[in-house]
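Structure first, then comments.
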């Protein structure tokens, strides 16, 4: 079992022409092919999922559409060799769904809302962009 850093996934998803980056793309492809085939078990954290989504969709970096980034991430999360804590696969997939469908929220927000939904508890937030998601409620406290 190995834990994957976000740079391994980014090198896999993005092929760049620079020779050293192309070499890293080949290495990450070999590694993730082993995870896809179930020959190697790997895991990731929520932080990696957030960072990869942020970097892929960054207007200053790769400018991948949110829909494409969500598709890449969902495919990855479903790899046979990817091992996650109980319930995390469905949590990650739900967060990826939110992220792909709602342009105003970050992957971090999507993960927070997906966790509140899974726990079936309301999320108190001042972020109006989250109002459209289940379990998120804008709160106004009385002074």
Those residues of region 81-133 which are buried (at least 17 other Cβ atoms within 10 Å of the Cβ), at pLDDT below 90 and in a helix (DSSP H, G or I), in sequence order:
130
Name the residues in region 48-82 that are more than 17 Å from residue 15 (Cβ to Cβ), within 15 Å of the chain's Cα centre (by Cα) and touching a residue at least 40 places away in the same chain (Cβ under 8 Å), would you?
48, 49, 50, 51, 53, 54, 79, 82
Among the residues in region 54-66, are any at pLDDT 95 or above, in a loop (DSSP other than H, G, I, E, B) and surrounded by 18 or more Cβ atoms within 10 Å (Cβ to Cβ)?
yes
Hey, any hits in region 16-34 for a residue that's without any contact (Cβ under 8 Å) to a residue 60 or more places away in the chain, within 24 Å of residue 110 (Cα to Cα) and in a loop (DSSP other than H, G, I, E, B)?
no
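The values are calculated or read from the model by the stated rules, or taken from the named source; none is laboratory data. On a predicted model such as this, the values are computed, not experimentally measured, just so you know. Heads up, the Cβs are rebuilt from the backbone with ideal geometry, glycines too, and the neighbour counts pull from every protein chain shown.
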